[in-house]
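Working notes, beginning with the structure itself.
The values are calculated or read from the model by the stated rules, or taken from the named source; none is laboratory data. Since we're looking at a predicted model, the values are computed, not measured. Cβ sites come from the backbone with ideal geometry, for glycine too, and all protein chains shown count toward neighbours.
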Amino acid sequence: MTARAGEPFDADRATSDIEAALSAPVPAAGPTTSEGEPDTGEWTVTRGAGFLLLPLWESEALTGVYGPEWNDAEAAAEANLAALVAELDRRWGPHRTVSMRVPLHRSRTGAPLPEPFRTLTAKDCHGDLTVWGPVPPDGPPTAPRAPRWLALSLNQSDGDAPMILTALISARPIEEPDERH
């Protein structure tokens, strides 16, 4: 569960959360740590060397949902992602897609993965990445920041779990890892 459980999707709020994350400090080194809401422990952000990963939206759990109802829930989640992608394409130009095929294969075989892909697979964020970057900084030119890359993905850990829309902020280009270890 994430801190976004039960919230309706709001593209403006998601965009605002992305903008805030793009301006937030990104750890240069150190261990990967996840943080949660103080009262509930629900996931709010994961920080690791060169990246932040955060939930933007979480659907209702799909326990007992099948057939047309499940298809409708999946279509609604994909529509949320598409609305956010359209807004970010308008702001920053066309996105590109980075497949999670190689990271998933490597994680299943126990092969080492570079960050942030190790954390993405550990968090069950298996959806392909929709990537922009480097993203131009917002705000006055007197407040420069290091280049950042942004990736969105829609994820579901299993058929009954909620669908989760996540944002990955990276201080390095987001490229599919090489198939070789």
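Annotation note: Cβ proximity below 9 Å between a residue of region 117-135 that is farther than 20 Å from ARG148 by Cβ and a residue that is buried (at least 17 other Cβ atoms within 10 Å of the Cβ) and among the charged types (D, E, K, R) (sequence gap 6+ or interchain) occurs for THR121/ARG106.
Checking each residue in region 5-33 for being in contact (Cβ under 8 Å) with a residue 60 or more places away in the chain and more than 19 Å from ALA146 (Cα to Cα) picks out ALA5, PHE9, ALA11, ALA14, THR15, THR32. Does region 8-16 contain at least one residue that is loosely packed, with under 14 Cβ neighbours inside 10 Å and either polar (S, T, N, Q) or closer than 13 Å to THR119 by Cα (or both)? Yes, some residue in region 8-16 is loosely packed, with under 14 Cβ neighbours inside 10 Å and either polar (S, T, N, Q) or closer than 13 Å to THR119 by Cα (or both).
Looking at LEU81, LEU54, which is the one that is modelled with pLDDT of 95 or more, surrounded by 13 or more Cβ atoms within 10 Å (Cβ to Cβ), in contact with a helix residue (DSSP H, G or I) (Cβ under 7 Å, 6 or more places away or on another chain) and not polar (S, T, N, Q)? Lay out the reasoning, then the answer.
Numbers: LEU81 fails: in contact with a helix residue (DSSP H, G or I) (Cβ under 7 Å, 6 or more places away or on another chain).
The match here is LEU54.
Pick from region 77-97 the residues that are in contact (Cβ under 8 Å) with a residue 60 or more places away in the chain and of a type in the set (A, V, I, L, M): which of them is nearest to LEU22 (Cα to Cα)? This residue is LEU88. Do we find that ARG91 is within 18 Å of LEU56 (Cβ to Cβ), basic (Lys, Arg) and buried (at least 17 other Cβ atoms within 10 Å of the Cβ) in this structure? Spelling it out, it is not the case that ARG91 is within 18 Å of LEU56 (Cβ to Cβ), basic (Lys, Arg) and buried (at least 17 other Cβ atoms within 10 Å of the Cβ). Scanning region 98-124 for residues that are outside any helix (DSSP H, G or I) and of a type outside the set (A, V, I, L, M) yields a count of 8.
Mind checking whether some residue in region 34-50 is surrounded by 13 or more Cβ atoms within 10 Å (Cβ to Cβ), at pLDDT 95 or above and aliphatic (A, V, I, L, M)? Yes, there is a match, as at least one residue in region 34-50 is surrounded by 13 or more Cβ atoms within 10 Å (Cβ to Cβ), at pLDDT 95 or above and aliphatic (A, V, I, L, M).
Would you confirm whether any residue within region 69-82 is in a loop (DSSP other than H, G, I, E, B) and at negative phi?
Filtering region 69-82 for residues in a loop (DSSP other than H, G, I, E, B) gives none.
No, that holds for no residue.
The single condition among (1) within 18 Å of the chain's Cα centre (by Cα); (2) more than 18 Å from ALA11 (Cβ to Cβ) that THR109 does not meet is (1). Please work out which one of (1) at pLDDT below 95; (2) of a type outside the set (A, V, I, L, M, F, W, C); (3) part of a loop (DSSP other than H, G, I, E, B) is the condition PRO94 fails and give its number. PRO94 satisfies every listed condition except (1).
Here VAL65 clears all of (1) surrounded by fewer than 16 Cβ atoms within 10 Å (Cβ to Cβ); (2) assigned to a loop (DSSP other than H, G, I, E, B); (3) not charged (D, E, K, R) except the condition numbered (1). Across region 129-157, the qualifying residues are those that are in contact with a Leu (Cβ under 9 Å, 6 or more places away or on another chain) and assigned to a loop (DSSP other than H, G, I, E, B), and the one among them that is modelled with the lowest pLDDT is ASP138.
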